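The values are calculated or read from the model by the stated rules, or taken from the named source; none is laboratory data. Values in this document were obtained by computation on a predicted structure and should not be read as measured data. FYI the Cβ positions are ideal-geometry reconstructions off the backbone, even for glycines, and counts take in every protein chain you see.
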Amino acid sequence: MAAHRNARKCIRALLGRNASSDVANHEGVRAEDLIMDLNAAKKRRGLGPLRSSSPFAPDSQRHASFRDAFTADKARPPTPPPTTAFQSAAATTVQTRISPLIAEKFQNLAKSYDDEWHEKHVAETEARRILGNTQAELAAARQQIVELEARTEPDDVAARTLGEANLAKHQVLSLISHQNRLHIQQAVDGELSRGANGDPSGGGPDDPFEERLGLARQLRQMLAEQRQAEADYVDALSMVGVGDKIEKYRKLLKRCLDPKDGESLDTNLDSLIDMMEEERDVNDLEAAGPSEPTDLALRA
């Protein structure tokens, strides 16, 4: 009876007099089980120690604090949701069938939100990685550009070097042409001297007109071939040592161009060369201007 009525003082008094607590009553309930339930309920409520029965004892009731409240919340097991027994069939149907479906839908919705967040997190991580790699490649490209700019010559120096090369080319061509004309003049003088001395092998003024016309045409053709051979010879001299550097120039052009333009470099290389040759011809004409009177004098 004391355990049923939660009479703690009576229980302590009976236990102090060695009362048996393991004897079951007519309902089959033992006192020690009820006492254990009372102690557990006391711990769950977080009650402090009870006051002493002595009138001279100090107040043993400890005041509750914020720490006790947090400790009690942590130690307290989660209480299951109360199950309400409904009497109507509609309420029972809502509780037994519709409520689990709604809970499942919300659970799926929460899972879809979590999956979407995970996908976005993975995409963001990949984007950050790609951004870091791109920035590193950009920094390396800028460093290469700085190194290449340090190696290349200024525009004025390159233009001056190109002008000197064109001038030297035309000077060499003029010297070779002058040398060949001297050899031809010596050969003509020799033939004329043999004809003047009565050598029958030399052509005289009595030769037929057609024969002299044919010889003049052959001479003109040979002179054209000679000039072309002289130009080819000068071009060959200018290309000495350049063949080994063609691959280096190709790599340098690919580095200076964008990756997309670098892939089509071989396709557009012919048009680039044609454009450079046109510029070279213009420069050659400008550089050949002063040497024209000398050439005319040689022909005369």
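General observations
- Restricting 44, 62 to residues that are in contact with a Gly (Cβ under 9 Å, 6 or more places away or on another chain) and modelled with pLDDT under 75 narrows the list to 62.
- Apart from one condition, residue 174 fits all of (1) part of a helix (DSSP H, G or I); (2) at pLDDT below 95; (3) within 46 Å of the chain's Cα centre (by Cα); the exception is (3).
- Filter result (in contact with a helix residue (DSSP H, G or I) (Cβ under 9 Å, 6 or more places away or on another chain) and either at pLDDT 75 or above or under 15 Å from residue 228 (Cα atoms) (or both)) within the stretch 152-165: 162, 163, 165
- Pairing each residue of the stretch 17-41 that is surrounded by fewer than 10 Cβ atoms within 10 Å (Cβ to Cβ) with any residue that is of a type in the set (Lys, Arg) and not in a loop (DSSP other than H, G, I, E, B), provided the two are 6+ apart or on different chains, yields C-beta distances under 7 Å for 22/30; 23/30.
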